[in-house]
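Below is one structure, written out as structure tokens; comments come after it.
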Ligand code: RNT
Ligand code: ZN
């Protein structure tokens, strides 16, 4: 059921409004219009990924006896979704607890083909009608991702860059099929981001680092050949992966220049860089040359561990850079984490709320004051103001945003998650 702002009465509504009124004055004293910040934050669409629901397992009907590992998710918390209906049901429950505009992000491996085995190069829009109808009813736009893993032809860890032309061709066909599916979503629901990430890489002491990259250029060009109305093509780099510690074909430099030269969107996954490297800092460089960026908000711990996004320094910095650079609308905001060790609905809610908080926090910054202090060489003023920003009653504004959006304030959503776990998730054996 789509959430409605009037459906819930919340405890302490009056005190939330009072706290907001006081907070609003404090922000106003620094020239910040908090009402506008709340509105912009809630209007910014966040694309939530389907794959947190089932630990990236997917829904494909596999040939008898075939079970293939995909991307590694760790943990075995009970209640993972097993069908498309279960994923949709879980997301409906989560969405009622998340403030603001949402989109939904699908992987090709979430095709619903009934009893029929349909290989990746043959999937069609008709295998996603269940998703399309559900999204349409809820007013969600749909985004899409080809699935270049968890498949016999990806077992070597090489797909679009494979030395065997037939294997490359299979994956090119998959990529093209996915763009047609994204086009069908776009036709119905508006523009659809179609993001390409491949696992291709080598484990040790790679001698030929050249040929796979040459082949990847060729394969990508073949996948992306021809305009598909409404499809926003994106490419996602990576630093390393398990089993490809030495060499990643689609490195950051590779895709940065690929995106620039081909006019496609560049995707930054927060977990795909060196641990001390700041994705936030990259925006003002790459966005001089590239119009749109896709972000996968994730949280790596020591490595690309795909922990649930939190309202942490990285997320705040990313959002601040987007707001300071006035590019919030040139970024496709999306999430990419999968924790199988906690309640998955809770993972969605925590992670999505965290990004939404980051956006609000950034929108509440008195940027002109800070920038003026910097430009005029008043460094101490700048630091003092930045410290002041951290002391401001952000929580009161966030609570008010949740109230306005008709979702539980604070951790008021936990009882609903727990009830859902008891009534629905616990019954999944
Ligand atoms: C993998 C990439 C990629 C995936 C999803 C499932 O390292 O981050 O985005 O997580 O496609
Ligand atoms: Zn990602």
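Brief remarks on what is shown
- Counted residues, the range 132-162 - those being away from ligand 1 (no atom under 16 Å from the Cβ), in contact with a helix residue (DSSP H, G or I) (Cβ under 9 Å, 6 or more places away or on another chain) and part of a helix (DSSP H, G or I): 6
- Test: residue 73 is under 19 Å from the mean Cα position of the chain (by Cα) and at pLDDT below 95: yes
- Looking only at residues in the range 92-105 that are closer than 24 Å to residue 149 by Cβ and in contact with a helix residue (DSSP H, G or I) (Cβ under 7 Å, 6 or more places away or on another chain), the one that is surrounded by the most Cβ atoms within 10 Å (Cβ to Cβ) is 105.
- The listed residue being over 21 Å from the mean Cα position of the chain (by Cα) and away from ligand 1 (no atom under 16 Å from the Cβ), out of 95, 37, 45: 37
- Subset tally (residues that are under 24 Å from the mean Cα position of the chain (by Cα) and loosely packed, with under 14 Cβ neighbours inside 10 Å) for the range 405-429: 1
Yes or no, residue by residue, for (1) free of Cβ contacts under 8 Å to residues at least 60 places away in the same chain; (2) within 16 Å of ligand 2 (Cβ to nearest atom):
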position	(1), (2)
276	yes, no
288	yes, no
293	yes, yes
296	no, yes
301	yes, yes
334	no, yes
351	no, yes
355	no, yes
368	no, no
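- Every residue from the range 214-235 that is out of contact with any helix residue (DSSP H, G or I) (no Cβ under 6 Å at 6 or more places or on another chain) and within 17 Å of residue 252 (Cα to Cα): 214, 215, 216, 217, 220, 233, 234
- Residue check for residue 130: on the phi > 0 side of the Ramachandran plot and surrounded by 15 or more Cβ atoms within 10 Å (Cβ to Cβ): no
- Residues that are at negative phi and surrounded by fewer than 19 Cβ atoms within 10 Å (Cβ to Cβ) were ranked within the range 233-249; the one that is farthest from ligand 1 (Cβ to nearest atom) is 246.
- Residue match in the range 77-88 (condition: outside any loop (DSSP other than H, G, I, E, B), more than 18 Å from residue 143 (Cα to Cα), in contact (Cβ under 8 Å) with a residue 60 or more places away in the chain and more than 16 Å from ligand 2 (Cβ to nearest atom)): yes
- Breaking point among (1) over 30 Å from residue 117 (Cα atoms); (2) part of a loop (DSSP other than H, G, I, E, B); (3) free of Cβ contacts under 8 Å to residues at least 12 places away in the same chain, for residue 64: (1)
- On inspection, residue 283 qualifies as in contact (Cβ under 8 Å) with a residue 40 or more places away in the chain, buried (at least 22 other Cβ atoms within 10 Å of the Cβ) and away from ligand 2 (no atom under 14 Å from the Cβ).
- You will find that of 165, 135, 150, the residue that is within 16 Å of ligand 2 (Cβ to nearest atom), modelled with pLDDT of 95 or more and surrounded by fewer than 23 Cβ atoms within 10 Å (Cβ to Cβ) is 150 and no other.
For every residue, the table says whether it meets (1) under 18 Å from the mean Cα position of the chain (by Cα); (2) within 20 Å of residue 199 (Cβ to Cβ); (3) at pLDDT below 95.
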{"residue": "232", "(1), (2), (3)": "yes, no, no"}
{"residue": "242", "(1), (2), (3)": "no, yes, yes"}
{"residue": "258", "(1), (2), (3)": "no, yes, no"}
{"residue": "285", "(1), (2), (3)": "no, no, no"}
{"residue": "293", "(1), (2), (3)": "yes, no, no"}
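- Set side by side, the residues 174, 272 differ, and just one is in contact with a helix residue (DSSP H, G or I) (Cβ under 9 Å, 6 or more places away or on another chain) and either surrounded by fewer than 20 Cβ atoms within 10 Å (Cβ to Cβ) or without any contact (Cβ under 8 Å) to a residue 60 or more places away in the chain (or both), which is 272.
- Taking the range 194-205 as the range and being more than 22 Å from the chain's Cα centre (by Cα) and surrounded by 15 or more Cβ atoms within 10 Å (Cβ to Cβ) as the test, the residues that pass are 201, 202.
- Residues being assigned to a helix (DSSP H, G or I) and touching a helix residue (DSSP H, G or I) at 6+ places or on another chain (Cβ under 7 Å) - total across the range 354-403: 27
- In the range 304-316, the residue that is nearest to the chain's Cα centre (by Cα) out of those that are assigned to a loop (DSSP other than H, G, I, E, B), surrounded by 17 or more Cβ atoms within 10 Å (Cβ to Cβ) and more than 16 Å from ligand 1 (Cβ to nearest atom) is 310.
- Tabulated pairs, the range 190-217, first within 15 Å of residue 241 (Cβ to Cβ) and away from ligand 2 (no atom under 16 Å from the Cβ), second at pLDDT below 95 and part of a loop (DSSP other than H, G, I, E, B), C-beta under 7 angstrom, 6+ apart or interchain: 203/243
The values are calculated or read from the model by the stated rules, or taken from the named source; none is laboratory data. Source: prediction; values computed, not measured. Note that we place each Cβ from the backbone using ideal geometry, even for glycine, and neighbour counts take in every protein chain shown.
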